[in-house]
Amino acid sequence: KIACQVARHVGFGDDAAEPPIFIKHPDAAEMLARQHGDRLRHRCALGNEWQPLAGMHDIGDMHQARTEFAATDFHVFHPGGKLGASLMHVADVMHTGERLPLVAKGTPMPEAITVLSRKHFGCVGVLDEDGRLCGIVTEGDMARNLTRNLSELAVDDIMTRTPKTVKPTVLATAALALLNQHHIGALIVIDDDRRPVGLVHFHDLLRIGVA
């Protein structure tokens, strides 16, 4: 169907100046090769860049091109499928900017609880004086301290000082494995300087079909 649409839209004349056709779908490219033989002049996506295949006149050459169509290319051209979802990175699904639940070290717990409730992630990241992540307060941390008067405490008093984090370049499937391994619901995403740049929640991974 894709091949027929391309052929009808562009046409194949004998004019040598005919513009190239850009085809991303390998099946469509093969169908065009079968239908138009040596009159086919096109370019096909291989790897992460466009490679010229103007001299491709037979199905054998086209089959070789198809074998170079890797899983990462599948993600680019079919991002909505199960394989496409499994190849997404944390950066593709994480929350950023004003959505991040962050407070400074020394913040009173009542204020931190307000941020936690407003952001709806079940946690609050704690930043040191340089803006680096130095802890996290979760709903679990609060539950474990119910015998204490939280209104008189600061985040430093109950926070987890070694929060589980992830980098933006990590695959979403790896982030899910980390969540499952530590029985937590969210990961703060940090850069190489431990500064928060995002947050990924289990629900985000569920939404894209990874979980």
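Some notes on this structure:
- In the stretch 91-152, counting only strands (runs of 3 or more DSSP E) that sit wholly within it, the ones holding 2 or more residues that are open to solvent by less than 20 Å² (accessible area, probe 1.4 Å) span 123-127, 133-138.
- His203 meets each of the listed conditions (1) loosely packed, with under 15 Cβ neighbours inside 10 Å; (2) touching a helix residue (DSSP H, G or I) at 6+ places or on another chain (Cβ under 8 Å); (3) not charged (D, E, K, R) apart from (2).
- Scoring Thr162 on the criteria (1) open to solvent by 60 Å² or more (accessible area, probe 1.4 Å); (2) hydroxyl-bearing (Ser, Thr, Tyr); (3) assigned to a helix (DSSP H, G or I) leaves a single failure, condition (3).
- Residue match in the stretch 40-48 (condition: modelled with pLDDT of 95 or more and either over 30 Å from Thr162 (Cβ atoms) or out of contact with any helix residue (DSSP H, G or I) (no Cβ under 8 Å at 6 or more places or on another chain) (or both)): no
- Among the residues of the stretch 120-146, those that are of a type outside the set (A, V, I, L, M) and either under 18 Å from Leu179 (Cβ atoms) or touching a His at 6+ places or on another chain (Cβ under 8 Å) (or both) comprise His120, Phe121, Gly122, Cys123, Gly125, Thr138, Glu139, Gly140, Asp141.
- Selection within the stretch 179-193: residues that are buried (at least 16 other Cβ atoms within 10 Å of the Cβ) and under 24 Å from Ala143 (Cβ atoms). The member of this set that is farthest from the chain's Cα centre (by Cα) is Ile184.
The values are calculated or read from the model by the stated rules, or taken from the named source; none is laboratory data. Keep in mind that this is a model prediction, so the values were computed, not measured. Every residue, glycine among them, receives a Cβ derived from its backbone with ideal geometry; neighbour counts consider all protein chains shown. Remember, those area values only see protein heavy atoms, side chains included, never the ligands or the DNA or RNA. Shrake-Rupley method; radii C 1.70, N 1.55, O 1.52, S 1.80 Å.
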